[in-house]
Amino acid sequence: MNIAVCFNDKIKGIVSLPASKSISNRILILNALADSPLEIENLSDCDDTKSMLQVLQSDVNYFDIGHAGTAMRFLTAFLSRIVGIWDLTGSERMKQRPIGVLVDALNRLGAHIEYREQVGFPPLRIYGSYLRGGEISIPASVSSQYISALMMIAPYMAEGLRLRLTGKVVSRKYIDMTVALMRFFGAEIETNGDFIKIAPLPYTPVPFRVESDWSAASYFYELLAIAEGGEITLTGLEKESLQGDAGQVYVWEKLGVKSSWQGDKLMLRKKEVEIRFLEFNFVEMPDLVQSFAVACCMNGIPFSFSGVETLRIKETDRITALITELRKLGYELSTEGEGVLKWEGTLALPEKNICIETYHDHRMAMAFAPAALKHPGMVIVDKEVVSKSFADYWKELQKLGLEIEEVK
Ligand SMILES: O=C(O)C1=C[C@@H](OP(=O)(O)O)[C@@H](O)[C@H](O)C1
Ligand SMILES: C=C(OP(=O)(O)O)C(=O)O
């Protein structure tokens with residue numbers, strides 16, 4: 001369904017954030033490997049976690065995990081050590097998202113995985129069996145999810161795993177999250193720069209509560225950054241978070257949103273904008289580029305964002321999507337090589353009837369919605385797309401004064 005969106009002038013309220021999908025999908029894998037009988041508290045109810053659960057609870061051997069990158073990558077590794085023949089596929093977009101680095105690594109460690117269509121991409125046929133393990137080098141510049149996937153099954157490889165990361169390491173904070181969660185389940189891991197050593201020591205089941213999602217928090221920061229005034233309370237977040245996206249707090253401060261903890265609640269308030277230009281490297285927080293790009297344009301703050309090369313292989317090519325859709329609102333963005341997205345302040349005439357395409361990407365819908373503060377009545381295509389990570393997104397925005405009208 002497509003919707004026209006606008007806001008009442010007062011942005012004030014309490015927002016309940018969804019559980020982290022990254023943590024949920026890791027804990028499901030760790031729990032399954034540990035054969036844990038324990039319930040996971042506050043597991044995400046998002047599509048990507050449902051995709052993961054559907055596979056882990058199933059008794060068939062053909063799985064379609066839709067758009068869920070973590071499910072595709074983590075399950076490829078997980079299934080390669082479960083005896084049986086498994087077919088793993090996903091959405092049309094998933095078939096364009098590379099997986100060769102992970103498949104090559106697993107095959108070198110003793111797995112047997114074949115491509116069903118295009119070499120290097122899903123769908124896959126996985127002949128699950130015993131994994132020998134050992135030492136390998138793996139390129140770390142495409143997706144950290146390949147590394148997390150290998151690491152999580154490493155305690156169940158006969159020789160354990162010694163991983164040498166090569167090239168530029170992207171999304172490293174997600175690797176750190178994997179290390180922390182594995183240790184919580186009793187794994188023995190030594191890290192030394194880009195070398196990771198994991199002992200062949202099975203996990204111990206532990207009770208676990210999933211914290212709320214810091215990536216989802218970004219849309220409320222963004223909303224307040226664009227708004228004239230207001231106050232938003234976010235619930236469920238951890239201050240000492242396992243999520244790298246918690247680092248966004250300091251960047252929003254520059255854009256005029258101050259955060260303060262009141263017990264376990266995070267209060268967001270307006271303050272003066274500190275900068276006229278935002279230069280930031282997003283290599284550790286790739287999922288936040290859309291929120292910051294829209295916020296900066298709406299506030300007339302030119303920017304240069306580096307570390308964005310992996311955005312081309314996410315749910316959509318997010319670089320092209322941002323350039324195309326922000327152009328409709330009157331902002332001319334450009335790129336510099338593969339790794340930089342920038343806005344030098346060049347304006348164009350906004351379109352009359354703005355209609356934002358979302359390209360099956362939850363973060364396009366979520367990041368563009370706050371722009372309705374400046375463009376009331378703009379249309380967002382396919383409102384349901386948000387369920388990939390945040391099914392109640394529109395409901396939470398409505399608490400803050402969003403009005404939604406269904407349109408054709
Ligand atoms: O491990 C994870 O949970 C994730 C890692 C990141 O992907 P890349 O490592 O492909 O950048 C991130 O963009 C994704 O949303 C979730
Ligand atoms: C990139 C994302 O997810 P995934 O790679 O897990 O599909 C995301 O949620 O922004």
query = Just how many % of Cα pairs in the stretch 142-254 lie over 24 Å apart, if you round to the nearest whole percent?
reply = 40 percent
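Using a 10 Å cut-off on Cβ atoms, rank the peptides 345-354, 24-33 from the highest mean neighbour count down.
Values: 345-354: 11.5, 24-33: 24.1.
My ranking of the peptides, most packed first, is 24-33, 345-354.
Restricting to the chain, what percent of DSSP beta bridges are antiparallel, rounded to 5?
70 percent
Under unit Cβ charges (Lys, Arg +1; Asp, Glu -1), what dipole magnitude, rounded to 20 debye, does the stretch 39-109 have relative to its Cα centre?
In total the dipole reaches around 420 debye.
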request  = Tell me the trypsin sites (Lys or Arg not before Pro) within the stretch 122-216 that lie in a loop according to DSSP and have at most 15 other beta-carbon atoms within 10 Å.
outcome  = R132, K168
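Considering all projection directions equally, how large on average is the shadow of the alpha-carbon convex hull of the stretch 19-78, in square nanometres?
Averaged projected hull area, Cα only: 3.9 nm².
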message = Connecting C-alpha atoms closer than 10 Å in a GNM of the chain, tell me which of I113, I189, I136 has the biggest fluctuation.
response = I136
remark   = Scoring only Lys, Arg, Asp and Glu (+1, +1, -1, -1) among other residues with Cβ under 11 Å from the Cβ of I126 yields +1
message = How far apart, in nanometres, would the label points at L201 and E332 be if each is projected 7 angstrom from Cα along the Cα-to-Cβ direction?
response = 6.0 nm
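Before anything else, pin down the relative contact order of the chain: Cα pairs under 8 Å, at least 6 apart, normalised by residue count, whole percent.
21 percent.
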inquiry  = Out of the GluC sites (Glu not before Pro) in the stretch 34-135, which ones are loop residues according to DSSP with at most 11 other C-beta atoms within 10 Å?
reply    = E39, E92, E117
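Between F277 and D45, what FRET efficiency comes out of the Förster formula 1/(1 + (r/R0)^6) with R0 = 41 Å and r the beta carbon distance, rounded to 0.05? Numbers along the way, then the final one.
Details: r = 39 Å, r/R0 = 0.96.
With a Förster radius of 41 Å, E is 0.55.
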note = Most fluctuating of L329, L311, L165 in the GNM of the chain (C-alpha, under 10 Å) is L165
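May I ask for the equivalent-ellipsoid semi-axes of the stretch 21-209, computed as the square root of five times each C-alpha gyration tensor eigenvalue and listed largest first in whole Å? Let's see the in-between values first.
Values: eigenvalues 92, 83, 52 Å².
Semi-axes, largest first: 21, 20, 16 Å.
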key: In nm, spacing of pseudo-spin labels at H112 and N353 (7 Å Cα→C-beta vector)   = 5.8 nm
key: R0 of 60 Å, Cβ-Cβ distance K408-E159: FRET efficiency to nearest 0.05   = 0.50
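Working out 0.36 nm times the residue gap between S141 and S129, then minus their Cα-Cα distance, what length gain in nm do you get to one decimal?
Values: separation 12, 0.36 × 12 = 4.32 nm, distance 2.84 nm.
Result: 1.5 nm gained on full extension.
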key: Expected 222 nm ellipticity per residue - DSSP helices of 4 or more, -39500 (n - 2.57), all of the chain, to 500   = -9000 deg cm²/dmol
query = Quick one: what do you get for the chain if you divide its Cα Rg by 2.2 N^0.38 Å?
reply = 0.98
task = Pick out which of D59, D48, D264 has the largest mean-square fluctuation in a Gaussian network model of the chain, springs linking Cα atoms closer than 10 Å.
result = D59
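Tally Lys/Arg at +1 and Asp/Glu at -1 over every other residue whose Cβ is under 9 Å from the Cβ of I232; what's the total?
Numbers: positive: K12, R269; negative: E231.
Result for the neighbourhood of I232: +1.
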query = How big is the charge dipole of the stretch 21-209 about its Cα centre, in debye rounded to the nearest 20, if each Lys and Arg gets +1 on its Cβ and each Asp and Glu gets -1 on its Cβ?
reply = 520 debye
request  = Count charges around E253 for me, please; just the other residues with Cβ under 14 Å from its Cβ, Lys/Arg as +1, Asp/Glu as -1.
outcome  = +2
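Only the coordinates and a few stated rules stand behind these numbers; no lab work does. Predicted model, so just to flag it, every value in this text is computed and none were measured. Cβ: placed from backbone, ideal geometry, glycine included. Neighbour counts: every protein chain shown.
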